[in-house]
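Below is one structure; the comments refer to it alone.
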Amino acid sequence: MLDVYASSKAFPRDEIFGLTSQMRRSSASIGMNIAEGCCRKGDAEMARFLQMSMGSASELEYQLLLAHDLEYFRNPAYERLTAQVVEVKKMLSSLMQKVKGVN
């Protein structure tokens with residue numbers, strides 16, 4: 001979700017510790033939780049970290065909507081980023097099903 005970092009650079013300066021920071025943390029948290037889950041023991045822990053990644057992706061999805069409503073994004077950027085988050089959520093859901101199927 002590197003696109004979130006690039007796209008949020010244009011946000012108002014007063015959002016640097018607000019929405020900009022929240023979006024960047026949510027975006028980074030998706031991959032970080034997957035990485036942490038991979039090094040844990042057992043599928044149950046992996047599934048738990050995948051669920052946290054899904055939560056971060058859902059947070060990011062709402063933050064994108066909020067940024068759009070605040071007119072920090074124009075439609076093409078909002079639609080592109082939202083489509084990316086939806087795709088990530090689909091991939092996470094598929095991976096969660098595979099992890100659950102291993103048990």
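The values are calculated or read from the model by the stated rules, or taken from the named source; none is laboratory data. Bear in mind the structure is a predicted one, so any value in this text is a computation, not a measurement. Neighbour counts are summed over all protein chains in view; Cβ atoms, including those assigned to glycine, are modelled from backbone coordinates with ideal geometry.
Considering only residues of the stretch 20-33 that are surrounded by 19 or more Cβ atoms within 10 Å (Cβ to Cβ) and among the hydrophobic types (A, V, I, L, M, F, W, C), which is farthest from Leu92 (Cα to Cα)? Across the stretch 20-33, the extreme among qualifying residues is Met23.
Read through the list (1) aromatic (Phe, Trp, Tyr); (2) crowded, with 19+ Cβ neighbours inside 10 Å; (3) at pLDDT 95 or above, then give the number of the only condition that Phe73 fails. Phe73 satisfies every listed condition except (3).
Here's the yes/no breakdown for (1) closer than 19 Å to Phe73 by Cβ; (2) touching a residue at least 40 places away in the same chain (Cβ under 8 Å); (3) assigned to a helix (DSSP H, G or I):
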position: Val4; (1), (2), (3): yes, yes, yes
position: Phe11; (1), (2), (3): yes, yes, no
position: Thr20; (1), (2), (3): yes, no, yes
position: Arg24; (1), (2), (3): yes, no, yes
position: Ala35; (1), (2), (3): no, no, yes
position: Glu45; (1), (2), (3): no, no, yes
position: Ser53; (1), (2), (3): no, no, yes
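On the stretch given as the stretch 65-89, residues that are under 12 Å from the mean Cα position of the chain (by Cα) and either within 16 Å of Gly31 (Cα to Cα) or touching a residue at least 60 places away in the same chain (Cβ under 8 Å) (or both) total 7.
From the list Gly101, Gly55, Gly37, the lone residue that is of a type in the set (Gly, Ala, Ser), surrounded by fewer than 18 Cβ atoms within 10 Å (Cβ to Cβ) and modelled with pLDDT under 95 is Gly101.
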